[in-house]
Amino acid sequence: MSQAVSAVSATSGIELRDLGQSYILRDAGKKSEFVALAHFNLQIKAGEFVAIVGPSGCGKSTLLDIVSGLAKPKQGEILIDGRTVSGPDLDRGFIMQGYALFPWRTVRKNVEYGLEVKGVPKRERPEICRHFIHMVGLSGFENRYPNQLSGGMRQRVAIARALAFDPKILLMDEPFAAVDAQTRETLQDELMQIWAKTGKTVLFVTHSIDEAVLLADRVVVMGTRPGRVYQTLAIDLPRPRTAAGMRVSAEFGWITRKVWELLQEGQGYMTPETTPKTSVSDVAEQISAQVSL
Amino acid sequence: MFKKLALRSGRAVYKIAAIILFLVLWEIAARFHLLVSATFLPPFSKVITVLYHMALSGELWRHASISLQRSLIGFTCGMLFAVPLGLAIGWFQKLGNFLSPLLQVFRNMPTLALLPVFVMFFGIGELSKVMVIFWGVLWAVLLNTIAGVQDVDPQLIKAARSMGTSSLRLFATVVLPASLPFIFTGMRISATTSILILIAAEMVGASRGLGYALYFYQGNMKIPEMYGYIIVMAILGVVLNYVLEALERRNFRWRDAGGIASE
Ligand SMILES: Nc1ncnc2c1ncn2[C@@H]1O[C@H](COP(=O)(O)OP(=O)(O)OP(=O)(O)O)[C@@H](O)[C@H]1O
Ligand SMILES: [Mg+2]
């Protein structure tokens, strides 16, 4: 086995320091600034699996875009292994919302893309590709084009493509949102196995509380307006976990319930504790801000 | 096996049934003087016979070869100019914004109206004919190429960029392959256009070529010969389109949904 496909590779810790991002909105000639992310602080240990949950539009994709290096933050910085990130690089693999496979490339050629960028010699590529295509269970489909695959299979290709160039960090943006429930469970189990095998640091964004609790060592609950860390919660459920096993676990149920409550609070919905803090005018302000968008 | 063959040939007949019907009606109408006098509408069989003799004598090839040569040169030059320009305009937004009003003006000038201008600039020889074809084929390819580049899925660009891909590699491995189907469609449209323009161009100041022959026979009231050339041109257009379509299907298999069976 060559070095590039060794079982456990080096991993990296991530530090997000006071990240802030805003978008300029142009509405009928008027410019306004929309703050999507503010004072976002998070430390992720090497090899840790961190899931981020938050309501739609709270800034999860914005955050991943920054961590991937595709977008420059307005404020703050990202450190990977203590070094400031200045742009995208092969130390991070980004699996985006939607599969973003190259439709003119076969499965094998898609997986090979990062290796080409990395400059891996041509004769070493086939073995690496075969290894990762096998890892995601797509052996035998190497020569198919993406449009000849099901949604779940495409998602697997996207994962294999991100794994193949051996990044230390995987950034995943709602990767399983578009597949059916059964396929999702399979993919979740497979992802946990791959993570256990490769030991990569994972930053996983999802809408689904169940998914976050199932997969992660730690769940970050985001608050809205502006997007920020509302609270983080360590998940102490024993590993290995499986989607099916968690369904019948009482502890799992309890934790998801807790995350759900945190999510409600983070959005500023009225719960007994927050009622005194939120006055009617605050709510009106929030609503009008929403309407003007 | 036999059944399959019969089915397939049955389907082929059905595909061209309308054409055959049209030719039969033509034949009948001409023979019984149903529409116009026999002078203006000779029977199809007569046209074919004349065409056959022109092909044997080498006259047909003499005209066709020069026409093909003109369109090929004009077409190739048009492609060599339009594809890189379209890629640049599509890719560099500022350049696109700057040039697009001018392109809109040029594009909306009818090519044939410019023919006298080309004759003035380049004389009545080969150059003006090649130039008018060049001009005529330019637009479909240029606009399709621009559209192709601008239509590239931003997610794909993001995916490639996230791996730290250089701009040059991004262009070669994402933008270009994503635009190729558009470019090819532009080429297919242009190829047919080039024949149409050529014929018109050859009616002015040419001494050889399909368009010239058509014009010549019409002027000398040799009507069957004239129809013969019209048929040749129609066949040329159909064949060209068919070949290009087949190439398109072959090269862009990744575009059509499914198609595992089409291997
Ligand atoms: N290019 C942009 N211009 C203006 N506003 C934007 C832009 N991109 C995102 N936003 C706004 O920033 C906020 C955060 O967007 P983002 O895509 O990060 O949300 P998200 O948490 O990923 O949502 P989802 O769960 O629906 O994917 C949203 O309110 C969105 O309207
Ligand atoms: Mg998102």
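The values are calculated or read from the model by the stated rules, or taken from the named source; none is laboratory data. The shown structure was predicted, so the numbers you read here are calculated from the model rather than taken from an experiment. Ideal geometry is used to build each Cβ from the backbone, glycine not excepted, and the neighbour counts take in all protein chains shown. Remember, those area values only see protein heavy atoms, side chains included, never the ligands or the DNA or RNA. Shrake-Rupley method; radii C 1.70, N 1.55, O 1.52, S 1.80 Å.
Could you size up the charge dipole of the protein assembly as shown around its Cα centre, putting +1 on the beta carbon of Lys and Arg and -1 on that of Asp and Glu, and report it in debye to the nearest 20?
For the protein assembly as shown, the charge dipole is close to 1540 debye.
Along the principal axes of its C-alpha atoms, what lengths does chain A span, in descending order and rounded to whole Å?
Projected onto its principal axes, the Cα set of chain A covers 66, 51, 39 Å.
In percent, what relative contact order does chain A have, based on Cα pairs under 8 Å that are 6 or more apart in sequence?
24
With a 1.4 Å probe and every protein chain left in place, work out the accessible area per residue of region B:62-250 in Å², rounded to a whole number.
49
List the lysines whose Cα sits under 16 Å from the Cα of A:K122, skipping any in the same chain fewer than 8 residues away.
A:K109
If I compute solvent accessible area with a 1.4 Å probe over the protein chains, what percent of it on the protein assembly as shown is carbon and sulfur?
Carbon and sulfur atoms account for 62 percent of the accessible area of the protein assembly as shown.
How about region B:13-67: which chymotrypsin sites (Phe, Trp or Tyr not before Pro) there are in a DSSP loop, with at most 12 other Cβ atoms within 10 Å of their Cβ?
Answer in residue order: B:F32, B:F40.
List for region A:67-104: residues with 30 Å² or greater reduction in accessible area, all protein chains versus chain alone, probe 1.4 Å?
Output list: A:L70, A:P88, A:M96, A:A100, A:F102, A:P103, A:W104.
Compute the long axis of helix A:181-198 from its Cα atoms, compare it with the longest principal axis of the Cα atoms of chain A, and write down the angle in degrees, 0 to 90, nearest 10.
Computed tilt is about 70 degrees.
Describe numerically, in nm with one decimal, the distance between label points set 7 Å from Cα along Cα→Cβ at B:R11 and at B:A88.
If labels sit at B:R11 and B:A88, their model points lie 4.7 nm apart.
Would you mind computing, in nm to one decimal, how far apart the modelled labels at B:A172 and A:A28 are, each placed 7 Å from Cα along Cα→Cβ?
5.1
Find which of B:N144, B:I157, B:V47 sits farthest along the positive direction of the dipole of the protein assembly as shown, computed with +1 on the beta-carbon of Lys and Arg, -1 on that of Asp and Glu, about the Cα centre.
With unit charges placed on the Cβ atoms, the residue in question is B:V47.
Hey, if we sort B:I28, B:I19, B:I223 by accessible area with the 1.4 Å probe, largest down, what's the order?
B:I19, B:I28, B:I223
Accessible area lost on pairing B with A, both sides, 1.4 Å probe, Å² to nearest 100?
2100
Put +1 on the Cβ of each Lys and Arg and -1 on the Cβ of each Asp and Glu in the protein assembly as shown; which of B:N220, B:W91, A:L170 then has its Cα farthest toward the positive end of the dipole?
B:N220
Under 15 Å Cα-Cα from A:K200, which aspartates and glutamates qualify once same-chain neighbours fewer than 8 residues away are excluded?
Within the straight-line cut-off, A:K200 pairs with A:E48, A:D81, A:D91, A:D166, A:E190, A:D217.
What are the semi-axes of the equivalent ellipsoid of region B:62-250, taken as the square roots of 5 times the eigenvalues of the Cα gyration tensor, listed largest first and rounded to whole Å?
Output for region B:62-250: semi-axes of 38, 19, 11 Å.
Show which lysines lie in cross-link reach of B:K15 when reach means a straight Cα distance below 17 angstrom and same-chain residues fewer than eight apart are skipped.
Reachable lysines: B:K4.
Work out which residues of region B:120-161 lose at minimum 10 square angstrom of accessible surface when the other protein chains are put back, relative to the chain isolated, with a 1.4 angstrom probe, and list them by number.
Flagged in region B:120-161: B:Q155, B:L156, B:K158, B:A159, B:A160, B:R161.
Roughly how big is region B:62-250's charge dipole about its Cα centre, with Cβ charges of +1 (Lys, Arg) and -1 (Asp, Glu), in debye to the nearest 20?
It comes to approximately 260 debye.
Tell me which DSSP H helices of chain B clear both cut-offs, 15 Å or more of axial length from alpha-carbon atoms and a mean Kyte-Doolittle hydropathy of at least 0.0.
Those that clear 15 Å and a mean of 0.0 are B:17-31, B:44-57, B:59-91, B:93-107, B:126-150, B:176-202, B:223-251.
With an 8 Å cut-off on Cα pairs and a minimum separation of 6 or more residues, tell me the relative contact order of chain B in percent.
22
Suppose R0 equals 60 Å. What FRET efficiency, 1/(1 + (r/R0)^6) with r the Cβ-Cβ distance, do B:V36 and B:F98 give to the nearest 0.05?
That gives a FRET efficiency of 0.65.
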